[in-house]
Number of protein chains: 2
Amino acid sequence: MVKKPRQIHLNAFLRNVGQHEAAWRLPETDTGAVTDIGHYQRIAQLAEKGKLDAIFFADHPALKDRSEDRPWDSLDPFTLIAALSGVTSKIGLVATGSTTYNDPYGIARRFATLDHVSRGRAAWNVVTTANASAAENFGFDQHPDPDARYARAAEFLDVAFALWDSWDDDAIVGDKAGGVFVDRDRIHRIDHVGPHFRVAGPLEIPRSPQGRPVIFQAGSSEPGKDLAARYADAIFTAQPTIEEGQAFYADIKARVRAQGRDPGTVLILPGLSFFIGGTEAEAFARREQFEDLTLPTYGIAQLSRVTGLDLSSFELDSLIRIPPRPADTGNQRSRHDLVHRLTSTEDLTLRQLLRRLSAGRGHRIATGTPEQVAATIVEWFENGAADGFNLIPPALPNSLAAFVEEVVPLLQRRGPFRTEYEGSTLRDHLGIERPAVARGAAAFSSAAE
Amino acid sequence: MVKKPRQIHLNAFLRNVGQHEAAWRLPETDTGAVTDIGHYQRIAQLAEKGKLDAIFFADHPALKDRSEDRPWDSLDPFTLIAALSGVTSKIGLVATGSTTYNDPYGIARRFATLDHVSRGRAAWNVVTTANASAAENFGFDQHPDPDARYARAAEFLDVAFALWDSWDDDAIVGDKAGGVFVDRDRIHRIDHVGPHFRVAGPLEIPRSPQGRPVIFQAGSSEPGKDLAARYADAIFTAQPTIEEGQAFYADIKARVRAQGRDPGTVLILPGLSFFIGGTEAEAFARREQFEDLTLPTYGIAQLSRVTGLDLSSFELDSLIRIPPRPADTGNQRSRHDLVHRLTSTEDLTLRQLLRRLSAGRGHRIATGTPEQVAATIVEWFENGAADGFNLIPPALPNSLAAFVEEVVPLLQRRGPFRTEYEGSTLRDHLGIERPAVARGAAAFSSAAE
């Protein structure tokens, strides 16, 4: 295989009518789109028209606090992306799924099926679910702490990988004359017994087109980074500056190497929010339109949840400094660290902090002309801060349409982004190989610990 | 609302390359179709072309014994039917899901989402999973007995119904100027606490187009019939003769009435397998082609599992009589009763019994011309044995294509079957109303017991 030149990878994070909390209040937004499959079909097809690597839906198995203030991730992301598989043909399909509030057999089976029905485009964004409100929908007395969640996640992934590898690629014989449909000697029980799970296997599904669905991971906590280094094919992260992006990139690639994996096969995709205008002034005016429509109640509730501080009576125009996170406890660790860092390195009022967070929630925000947005992407890509980006359109479909129509052609002209899909699977788009079947020790690292 | 004339309801049971265990061995069968989404898209569209009410996939969350002998329900049915929502627009979408090996929040969320993304075409075929091999994929020490499974199923459905009703229909306000997206006072926690589940709710999804997805149920055991009478909108059943069909029909309608429900709103759909030919002789020759390709090993393993008897060394050409089921124990109770009844009322060799079961697995088998098949349907429909049928094509796509092209026009000409879909939701097709939101005692009958 000839080594291809490195390519920018672009994923679209599709959150109902846009990631920005005020997107739904824009005059042009159709609030009915939140549960309208036609809306999601149009934005998925738009992303495919732009030759993006994948589309991606977040997950939250509970009704969020302050749902009166904005639409949220309402529809089940897996069901939604499965439905979109039928109206797209090339783009990768990433659904988030919690290892805390699912069982490994069920998840492994659903994602293997998605990989079959999408003909090799399935990916699972593995999360441990940071928000405690999910616990009471699943009969838990309390939400497990992060270390417990990550220990379960590692074993969960071991089981899922083993299930996906429980069939040899050639197990279906289809010998009509001899009356042998599959060769049972090429299908293997996994007989997993671990601290969290007992799963006999095998899966009842032939090995899928990609061998295993692609694994995405996010989270910048220590256990999150270690989990990603061990299992992930691609990593989402929130890095507001190129320097922070470079530090994270170097850190993760070193962790991947320490796991005995090739760092070139694990892609790092920081989030990128963007406000595009014909001129820089127009872009800033566009951003301001969103910020003028934000509701402080929503941002304050979010910030209070992340920091554990009650900020409901804090003056909006007073300077705020979020103290560092106490020890290694609490959920949303990376988010807490981020707002601590932001308020320690700059003087910000609460209102300014909320506006900063509402625009990108701690992600890099590119505000400018299409040329400026493209230049930011290339700068990060060429300077060891990113292998591509997780695009975070503030409003949908409009922000994504502007990106596809105005920024994508510039990236294609400069060379590091595809003008056509070269392969048909998500692994093809990402430039990562289909894994061979692995069994025994390799597939059961956590059980051996 | 003007009362419409009673209509035949037809559902297509789509099992990979056909329900008949030898379908995969026919010369024309593409064995690769088992995991090929193109195959499923074509048969779903074929069923929609035939104006059928719904398509339906079974479920089995474990690899079956004797999988070397025939293809099985490999792909996850929910994922598959969600994928098919995008390439169909009218036909109902029924996926089977186990109440034993799922949690109610997850299932309620996925089916509510399917109802949104299909624009009101979702249905859940509720099963308790009769096959014990699933237990060891989900960390169970043993498969729960039927009574335990049905008790859990009833509470599971109470929780799912309450979650689907946790939003008032008008909860989304979408007041951009006032900054109020939803009215939280119109969204209600369910705070369910029962013997099997604790679920706080609410669901994070607005009430779906059908209010609640349609509920299908099957199984002819006593607890199965009671569960169906209480919760189901439509019931699948296996009845080999019109007399047995009439007895079952009368029994279920009485049970529905005893639950305080309108018997007209609960549809009874016996299974119908069919072999169609230009002449009766051609139809029987077609059926014989399947039977000549059956593998006794498969049927014997199935029969041994259902009856608990080891039949592996029983002579194929000896007369067999299956003894009655011992007391009220064991799984697959209705199946056991059926083979007992078959072998008590007729003299059958093991080979003949296996052929009988392979053709229809205890369902009515219509073998004849299109006119004869249509006449069977109308006879059952007009004589208190059925509200329609669950069609069981022995081979796919061919048997379904023959039915759609040759039998459907006859039913349409005779009047009791639609020539066009009149509504857009599955409830519209079935002629059952969208339920109003129910809360409190009505929604929590099992918790109050």
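Place a +1 charge on the Cβ of each Lys and Arg in the range B:1-74 and a -1 charge on the Cβ of each Asp and Glu, then give the dipole magnitude about the Cα centre in debye, rounded to the nearest 20. Before the final figure, lay out the partial values.
Numbers: 11 positive and 11 negative charges, 127 e Å.
Magnitude of the dipole: close to 620 debye.
Apply the Karplus curve 6.51 cos²θ - 1.76 cosθ + 1.60, θ = phi - 60°, to the phi angles in the range B:318-324 and return the couplings in whole Hz, x for Gly and Pro.
My calculation for the range B:318-324 gives 8, 5, 10, 9, 7, x, x Hz in order.
Taking a cut-off of 16 Å, what percent of all Cα-Cα pairs in the range A:1-68 are separated by more than that?
Details: 1390 of 2278 pairs.
Here the long-distance tail beyond 16 Å is 61 percent of all Cα pairs in the range A:1-68.
How much of the accessible area of the range A:220-262, probe 1.4 Å, is carbon plus sulfur, in whole percent? Walk me through the numbers on the way to the answer.
Numbers: 840 of 1670 Å².
Result for the range A:220-262: 51 percent of the exposed heavy-atom area is carbon or sulfur.
In square nanometres, what is the average projected area of the Cα convex hull of the range B:179-265?
So the Cα hull casts an average projection of 8.3 nm².
Say we join alpha carbon atoms closer than 10 Å with springs in a Gaussian network model of chain B; which of B:ASP53, B:ASP165, B:ASP347 then has the biggest fluctuation?
B:ASP347
If you take all C-alpha pairs in the range B:95-203, what percent of them are over 21 Å apart?
For the range B:95-203, the share of Cα pairs beyond 21 Å comes to 46 percent.
Mind telling me which of B:ALA44, B:ALA171, B:ALA151 comes out most flexible in a GNM of chain B, alpha-carbon contacts under 10 Å?
B:ALA171
Give me the accessible area buried between chains A and B, both sides summed, with a 1.4 Å probe, in Å² rounded to the nearest 100.
Heavy-atom accessible area buried at this interface is about 5900 Å².
Identify all lysines with a Cα-Cα distance to A:LYS225 below 16 Å; exclude those on the same chain that are fewer than 8 residues away in sequence.
A:LYS253
What is the angle, in °, between the Cα long axis of helix A:146-164 and the longest principal axis of the Cα atoms in chain A? Nearest 10 is fine, range 0 to 90.
The angle comes out near 40 degrees.
Hey, what do the phi angles of the range B:206-223 turn into as Karplus ³J(HN,Hα) couplings, whole Hz, using 6.51/-1.76/1.60 and θ = phi - 60°, x for Gly and Pro?
Residue by residue, the range B:206-223 yields x, 3, 8, x, 8, x, 10, x, 5, 9, 9, 8, 9, x, 10, 6, 4, x Hz.
Under 5 Å between amide H atoms, partner at least 5 residues away or on a different chain: which partners does B:THR96 have, H built in plane at 1.01 Å?
B:PHE57, B:ASN125
Once the Cα atoms of helix A:350-360 and of chain A are each reduced to a long axis, what angle between those two axes, in degrees from 0 to 90 to the nearest 10, is obtained?
40
Can you tell me the Rg and Dmax of the range A:155-219, counting just the alpha carbons, in angstroms?
Cα radius of gyration and Dmax of the range A:155-219 are 14.2, 53 Å respectively.
Hey, could you get me the Stokes-Einstein D for chain A, Kirkwood radius over alpha-carbon pairs, 10 °C and 1.306 mPa s, rounded to whole µm² s⁻¹?
Answer, rounded: 70 µm²/s.
Nearest 500 deg cm²/dmol is fine: what mean residue ellipticity at 222 nm does chain B get from its DSSP H runs of n ≥ 4 alone, each adding -39,500 (n - 2.57), divided by its residue count?
So the helix-based figure for chain B works out to -11000 deg cm²/dmol.
So what is the orientation-averaged projected area of the range B:214-297, using the convex hull of its C-alpha atoms, in nm²?
Here the figure is 7.9 nm², rounded to one decimal.
Evaluate Rg over Rh across the protein assembly as shown, taking Cα atoms for both radii and Kirkwood's formula for Rh.
Expressed as Rg/Rh, it is 0.98.
Would you kindly derive the ³J(HN,Hα) couplings of the range B:335-348 from the backbone phi angles with the Karplus curve 6.51 cos²θ - 1.76 cosθ + 1.60 (θ = phi - 60°), listing them in order in whole Hz, with x for Gly and Pro?
5, 4, 4, 4, 6, 4, 5, 4, 7, 8, 9, 9, 8, 10
What do you get for Rg/Rh over the range B:1-139 if you use C-alpha atoms and the Kirkwood form of Rh?
Result: Rg/Rh = 0.99.
Roughly how tilted is helix B:242-258, in degrees to the nearest 10 and between 0 and 90, from the longest Cα axis of chain B?
Its long axis makes an angle of about 20 degrees.
Where nothing but the Cβ of Lys and Arg (+1) and of Asp and Glu (-1) is charged, how large is the charge dipole of the protein assembly as shown around its Cα centre, in debye to the nearest 20?
Dipole of the protein assembly as shown, to the nearest 20 debye: 540 debye.
Under a straight-distance cross-link criterion of Cα-Cα below 15 Å, which aspartates and glutamates are reachable from A:LYS90, leaving out those fewer than 8 residues away in the same chain?
Within the straight-line limit of under 15 Å, A:LYS90 reaches these aspartates and glutamates: A:GLU48, A:ASP53, A:ASP115, A:GLU420, A:GLU422, A:ASP428.
Sticking with the crude label model, points 7 Å out along Cα→Cβ, report the distance from B:GLU346 to A:SER89 in nm, one decimal please.
Roughly 4.9 nm, to one decimal.
With only Lys, Arg, Asp and Glu charged, each at its Cβ (+1 for the first two, -1 for the last two), find how big the charge dipole of the range A:323-427 is about the Cα centre; round to the nearest 20 debye.
Here the size comes out at about 440 debye.
The values are calculated or read from the model by the stated rules, or taken from the named source; none is laboratory data. Predicted model only: the values in this text are computed from it and were never measured. Please note: Cβ atoms are built from the backbone with ideal geometry, for glycine as well, and neighbour counts cover all protein chains shown. When the accessible area is computed, the model is the full protein with side chains, heavy atoms only, and any ligands, DNA or RNA have been set aside. Shrake-Rupley method; radii C 1.70, N 1.55, O 1.52, S 1.80 Å.
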